[in-house]
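Written below as structure tokens is the structure these notes are about.
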Amino acid sequence: MTRINFAGIVDHSTLDYPGKSAAVLYLCGCPFRCPWCQNRELVLEEENCKLIEIDEILKQLKENFLLDAVCVTGGEPLLQEETIELLKRIKSGTKLLLKIDTNCYFPDMLEKAIPYLDFFTTDIKAPLDERYGRVAGLPEHWEEIVVRVRKSLSMLKEWNQDKEARTTIVPGLIDSMGDIEEIAKVINDTGFSLYTLQQFRAERTLNPEYEKIKSPSVELMHELGEAAKKHLPDVKVQIVTEKNGFEEIH
Ligand code: SF4
């Protein structure tokens, strides 16, 4: 019996696995402190976080007949060793497609997870320099973070299946054409098939000061999406905003 630090399950989502109906499993804990993060209770392991048997999660998935896929997210799902057991059990105990959302901070865990995955989403939060530390809320640790993210990305480069990168556009942190053009080079080099630019939302942020910051405009999101697309002609580029939802950039 293996237990995992778990916050809950969303039974049915059409937004978390491209083109599929997915259950979303929320795991607790994260090594980053992105000030704009909206998953405060997961990152700080508050409220709903509790140790739960992996068997119990499997039981819930098997009772849900409407699913095509499972998305394991957080927090950071690769923080816990037990996540590998969870992935293994989902893959061997169900016919569901399997995806994780990760911040790429745990390359050794990623290596163990990859054999069980059908799809993969990672944040590329910033260009791979000191900006990464600022965006992750750990400016003094930027070099270590960048080394780990690079190691994960070089592993993903060898993984020839569909994979998605995401960047959250946060005013004052990551919001310039230059930032996006540099990130686009990383996306291109790693061979991502999908790139999503997400609009920061000033709600329930990890650092309450970020609740005073205005979300980037839909117009800016389009401009940044177009800047990315210029560098990524063979990648599907999309933006997601509160007003319009997902929009592909052509
Ligand atoms: S946004 Fe940052 S702090 Fe929040 S869960 Fe993701 S990596 Fe962790």
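The values are calculated or read from the model by the stated rules, or taken from the named source; none is laboratory data. In this text the structure is predicted, and so the values were computed from the model without any measurement. With ideal geometry, Cβ positions are generated from the backbone for all residues, glycine too; neighbour counts draw on all protein chains shown. Protein only, heavy atoms only, side chains kept; ligands, DNA and RNA dropped before computing areas. Shrake-Rupley method; radii C 1.70, N 1.55, O 1.52, S 1.80 Å.
Evaluated against (1) within 16 Å of the ligand (Cβ to nearest atom); (2) open to solvent by less than 60 Å² (accessible area, probe 1.4 Å); (3) of a type outside the set (A, V, I, L, M), Tyr17 falls short on exactly one condition, (1). Checking Asn244 against (1) open to solvent by 20 Å² or more (accessible area, probe 1.4 Å); (2) under 16 Å from Gln38 (Cβ atoms), only one condition comes out false. Which one? With (1) open to solvent by 20 Å² or more (accessible area, probe 1.4 Å); (2) under 16 Å from Gln38 (Cβ atoms) applied to Asn244, the lone miss is (2).
Number of residues in region 18-45 that are part of a loop (DSSP other than H, G, I, E, B), under 22 Å from Leu96 (Cβ atoms) and touching a Ser or Thr at 6+ places or on another chain (Cβ under 9 Å): the value is 2. If the condition is being among the acidic types (Asp, Glu) and surrounded by fewer than 21 Cβ atoms within 10 Å (Cβ to Cβ), then region 73-100 contributes Glu81, Glu82, Glu85.
Residue-level check: of (1) part of a strand (DSSP E or B); (2) closer than 20 Å to Gln161 by Cα; (3) open to solvent by 10 Å² or more (accessible area, probe 1.4 Å); (4) more than 16 Å from the ligand (Cβ to nearest atom), Val70 misses just (3).
When Leu138, Leu173, Leu197 are checked against the criterion of being open to solvent by less than 20 Å² (accessible area, probe 1.4 Å) and either among the aromatic types (Phe, Trp, Tyr) or touching a helix residue (DSSP H, G or I) at 6+ places or on another chain (Cβ under 7 Å) (or both), Leu197 stands alone in meeting it. Exactly one residue among Tyr195, Tyr210 is touching a residue at least 24 places away in the same chain (Cβ under 8 Å) and touching a Pro at 6+ places or on another chain (Cβ under 8 Å), and that residue is Tyr210. A Cβ distance below 7 Å, combined with a sequence gap of six or more or placement on separate chains, defines the contacts here; from region 19-47, residues that are closer than 16 Å to Cys104 by Cα and polar (S, T, N, Q) reach no residue that is within 6 Å of the ligand (Cβ to nearest atom) and assigned to a loop (DSSP other than H, G, I, E, B). Looking at this structure, is Glu53 more than 16 Å from the ligand (Cβ to nearest atom), surrounded by fewer than 17 Cβ atoms within 10 Å (Cβ to Cβ) and touching a residue at least 40 places away in the same chain (Cβ under 8 Å)? Yes: the conditions hold for Glu53.
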